[in-house]
Amino acid sequence: MIKSINRRDWLKSGLLIAGGLVASPALAFKSSSLVNHAGKSLLREYVPEFGLNESRMLARLNANENPYGPSSSVIQIIAESISQGNRYGHGDAATLIDMIAEKEGVSKDCIMLGPGSTDLLEKVAITRFQQGGNIVSADPSYMSVMSTAQAMGGTWKPVPLTADYSHDLDGMNAAIDSATRLVYVCNPNNPTGSITNAESLKKFCLEASAKAPIFVDEAYLEFLEKPETQTMVGLVAEGKDVIVARTFS
């Protein structure tokens, strides 16, 4: 049964509980470190440092910005939500999880929210690579999960993109070994913007997920024609060892 949820009322009831953020590898960064009691650096926090006169810029395209800003209706809803800014948004988060699960056809137990998909990428890497192991991915690709995996003590097994800049799925499958803790696929890929055929990717995921978890990063899925036909989220519903990330950015 399809549930009826008044999205305007829901949005007005809480403040921005799930705004997406995707960082770009083309940005300049400064870093600070998180260290343990022995003084060993565990993770580095990267903070954008532009060093430009931002007031004169219409948009920073390499930071996923657009020159138009939020619509008037979004501005109005945010303004109307200010009075609820003293409340935690846990109830609203639960509502959003229900909405996403309904839309994507998966159990709500499969949904995890984060402040941008990069946060979820890094959390997966933290949990998967505490005991070492390797991560397989295309090269070049979005480096957040690979960098975090290496910071945790893992190693990266890069597989060069093909001549048309799509993922070399056969090469990635062959690169998986007994020490592989995660396979990362960014589709459409960042920073190349290239697309890997959905049917080929699904076949790869079905086969490779029997050997290691597959993380499919679909941060740019909505730029594709008929994105609902390009997603791998159906494999999650089938119980395959597949993780899919999306973003509201």
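So if I check each of GLU45, GLU65, GLU49, GLU122, which one is at pLDDT below 90, among the charged types (D, E, K, R) and within 30 Å of MET172 (Cα to Cα)?
Details: GLU65 fails: within 30 Å of MET172 (Cα to Cα); GLU49 fails: within 30 Å of MET172 (Cα to Cα); GLU122 fails: at pLDDT below 90.
On inspection, the qualifying residue turns out to be GLU45.
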- Message: Restricting to segment 142-173, give me the number of residues that are touching a residue at least 60 places away in the same chain (Cβ under 8 Å) and in contact with a Lys or Arg (Cβ under 7 Å, 6 or more places away or on another chain).
- Response: 1
- Task: State the number of residues belonging to segment 201-223 that are within 20 Å of GLY116 (Cβ to Cβ) and surrounded by 16 or more Cβ atoms within 10 Å (Cβ to Cβ).
- Result: 7
- Query: Take the residues of segment 125-169 that are within 17 Å of the chain's Cα centre (by Cα) and among the β-branched types (Val, Ile, Thr): which is surrounded by the fewest Cβ atoms within 10 Å (Cβ to Cβ)?
  - Reply: THR127
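The values are calculated or read from the model by the stated rules, or taken from the named source; none is laboratory data. As the structure is a prediction and not an experimental result, all values here were calculated from the model. Using ideal geometry, Cβ is built from the backbone for each residue, glycine included, and neighbour counts are taken over all protein chains shown.
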